[in-house]
Every structure is written in C-alpha cells, then in structure tokens.
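One structure is given here, and the rest of the page talks about it.
Read-outs throughout are calculated quantities, based only on the coordinates presented, and are distinct from any laboratory measurement. These figures come from a predicted structure and were not determined experimentally.
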Amino acid sequence: MVDFNRANRRALALLALVFVLGLALGAVGHMLSERNVLASRGRGPGPGGPGPGAQGGQAAQQTRLVGRLKDDLNLTDEQQTQIKGILADTQHRYDDIREQMSPLFDKARNDSRDHMRAVLTPEQRPKFEDFLNRVDEERQKRDEAGTPPGRRSQ
C-alpha cells in the first residue's frame with residue numbers, strides 16, 4: 001500500500017494542477033484555433049458566438065450573411081428584411097441559452113476550485129488564490145471582448 005506522506009500528497013497536488021492547467025490550456029487553444037478558422041472563412045463563431053457584449057460584431061456578421069444569401073438566392077428586399085429579423089431572433093435565443101447555462105459553468109468551476117483547494121497545503125493555497133485571481137481577470141477581459149461563457153477556461 002502507498003504511504004501518503006507529505007511528499008506524496010504534494011506530488012499528487014502538482015499532478016492534479018498540471019492536469020487542470022492542461023485542460024485549461026487545451027480549451028484556450030481550441031477556442032483560439034476555432035476563432036481563427038472561422039475568421040479565415042469570413043464568418044463569425046455562429047451558435048457559440050460572442051455574448052451580449054459583442055452586438056456590433058453580430059450585426060456585421062448578420063449583414064454579411066444576408067448579403068451572401070441575397071447574392072446566392074436573389075433575395076427580394078422583403079425577404080432580406082425577414083431574414084434579418086429571423087437572425088436577430090435566433091441570436092436573442094442563443095443569448096438566453098447562454099444566460100441559463102452560465103450559472104452551471106460557474107458552479108462547475110467553483111466546485112473544481114474547491115476540490116483543488118482541498119488537495120493543496122496551507123502554504124500553497126495563497127499562491128493558488130493569486131493564480132485564480134489572474135485567471136478571473138483574464139476571463140473578465142474575454143467577457144468584455146465577447147467570448148461566450150461556455151467556451152471559457154477555468
């Protein structure tokens with residue numbers, strides 16, 4: 001049987017922290033690559049697109065989409081107006097879904113943090129709190145830029 005002395009607990013804590021950081025880094029990398037791929041195609045993020053803070057970008061995306069549909073489908077002015085309304089309604093529905101999901105993501109994040117705190121030593125916890133403060137500041141900056149809650153890292 002393994003003796004869980006201080007050194008073993010510390011090694012497990014570091015392993016868990018590396019694992020969580022790897023997940024967070026992978027999520028950020030995925031988000032950035034997805035954003036770059038979609039931007040290179042001349043489109044925005046679609047259903048998982050920016051949140052309420054990015055209304056100007058959404059309007060531009062909708063205008064581009066309606067322009068493409070107008071050209072491809074020979075839409076009338078009335079059809080263009082109706083499609084713009086449909087897209088705006090869909091975006092509002094996406095925003096509502098994000099608002100409903102956000103507390104679930106927050107709870108999962110907080111539960112994860114509480115579990116990590118339980119693994120850390122009293123000496124490690126203040127450094128972990130500093131780390132979390134930096135992560136939260138970065139998330140707030142992304143929120144202001146319009147990154148959706150479901151695509152944020154820990």
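Worth pointing out:
- Karplus 3J(HN,Hα) series, Hz, for segment 127-140 with 6.51 cos²θ - 1.76 cosθ + 1.60 (x for Gly, Pro): 5, 5, 5, 4, 4, 5, 4, 5, 4, 5, 5, 5, 5, 4
- For q = 0.14, 0.16, 0.17, 0.20 Å⁻¹, Debye-computed log10 I/I(0) when each Cα of segment 92-150 counts as one equal scatterer: -0.50, -0.62, -0.68, -0.84
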